[in-house]
Amino acid sequence: MFQALHETVEYIKRKTDNFQPEIGIVLGTGLGGLVNEIQVEYQLMYSNIPNFPISTLEFHTGKLIFGKLNDKRVVAMQGRLHYYEGYSMQQITFPIRAMKALGIAHLFVSNAAGSLNPEFKKGDLMVINDHINLQPESPLRGSNDSDMGPRFPDMSQPYNRTLIKQAINIANNNNIKCHQGVYIAVTGPNLETKAEYNYLRIIGGDAVGMSTVPEVIVANHMSIPVFAISVLTDEGFPEVLEPVSLEEIIETAKIAEPKMTKILSQLISTL
Ligand code: HPA
């Protein structure tokens, strides 16, 4: 991987006049709007970056965006990669490795997720304070490069506590309802059955989604502090489960997005 990473990072540096981001951002389904707050300096299509996987979803535009957000230098992935698209875990997380090599010191992640907690309603936000990985593989499987991180990384605090506290304060100050909870990562792309939603709640989940955890594991492997937030786009409550379409999920994400964007934007300015 070292050789591929070197090639990718050299290409990006060349195309961005050596732009050195301090913060990496991964935006989830229907949540690309934070990009509108960035004073964009450079944009690279994934398809032009050597070794970058290409997002196969047409609603994911697949661009790496470099610029300033509240005076901080950021690199944002507009369009994330999912395991269900057929990539390996190493491919999905390759951009996080590249962002680290470019210099990021923090990672911010957003996603759309289904609520498992009856108190957490569709359209609410949830700061992720822990996770359960039900995806079938770890992105760290295979030989370990000890220059990047340890063979057996600690995961006792995968989400930065200070950032969680600050985010909740920002939400309170802006009258935004924002919960905290446990995110469970599943493979997808199918949504869950009633029995599965029931099971996910019983094992300790507050929200379920198909992303985020691979990126968080890799960021932790490289000792990058992480902040992650879910927009709850549907309610996986078994007794009253209704069919839900991708269009509805994206619609709810769009409606709730300005609240999330406000929190992320203010949180980034505190760094
Ligand atoms: N389950 C899994 N992934 C999701 C959901 C869900 O209910 N909603 C948004 N992403």
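The values are calculated or read from the model by the stated rules, or taken from the named source; none is laboratory data. Source: prediction; values computed, not measured. Please note: Cβ atoms are built from the backbone with ideal geometry, for glycine as well, and neighbour counts cover all protein chains shown. Calculation scope for accessible area: heavy atoms of the full protein, side chains included, ligands and nucleic acids excluded. Shrake-Rupley method; radii C 1.70, N 1.55, O 1.52, S 1.80 Å.
Within the accessible surface of the stretch 2-269, defined with a 1.4 Å probe on protein heavy atoms only, the carbon and sulfur portion equals 48 percent. The listed residues 201, 80, once ranked by accessible area (1.4 Å probe) with the largest placed first, stand as 201, 80.
Computed about its Cα centre, the charge dipole of the chain is approximately 720 debye, with only Lys, Arg, Asp and Glu carrying charge at their Cβ. Extents of the stretch 1-97, largest first, come to 36, 32, 18 Å (Cα atoms, principal axes, whole angstrom). The gain in end-to-end length when the residue 262 to residue 121 segment is fully stretched comes to 48.8 nm, 0.36 nm per residue minus the alpha carbon separation. From largest to smallest, the equivalent ellipsoid semi-axes obtained for the chain from the alpha-carbon gyration tensor read 28, 21, 18 Å.
Heavy-atom accessible area for residue 7, with the other protein chains in place and a 1.4 Å probe, reaches approximately 90 Å².
In straight-distance terms, cross-link reach from residue 122 covers every one of the lysines whose alpha-carbon lies under 16 Å from its own, apart from those fewer than eight places away in the same chain; here that gives 177, 254, 259. With the simple model of a label 7 Å out from the Cα in the direction of the Cβ, residue 41 to residue 177 spans 4.0 nm.
Summarising the strand pairing of the chain, around 40 percent of its internal DSSP beta bridges are antiparallel.
Annotation note: trypsin sites (Lys or Arg not before Pro) in the stretch 93-125 located in DSSP loop regions with a Cβ neighbour count of at most 13 within 10 Å are 121. Normalised by residue count, the stretch 130-271 yields a Cα convex hull volume of 129 Å³ per residue.
Rolling a 1.4 Å probe across the protein heavy atoms gives the chain an accessible surface of 44 Å² per residue.
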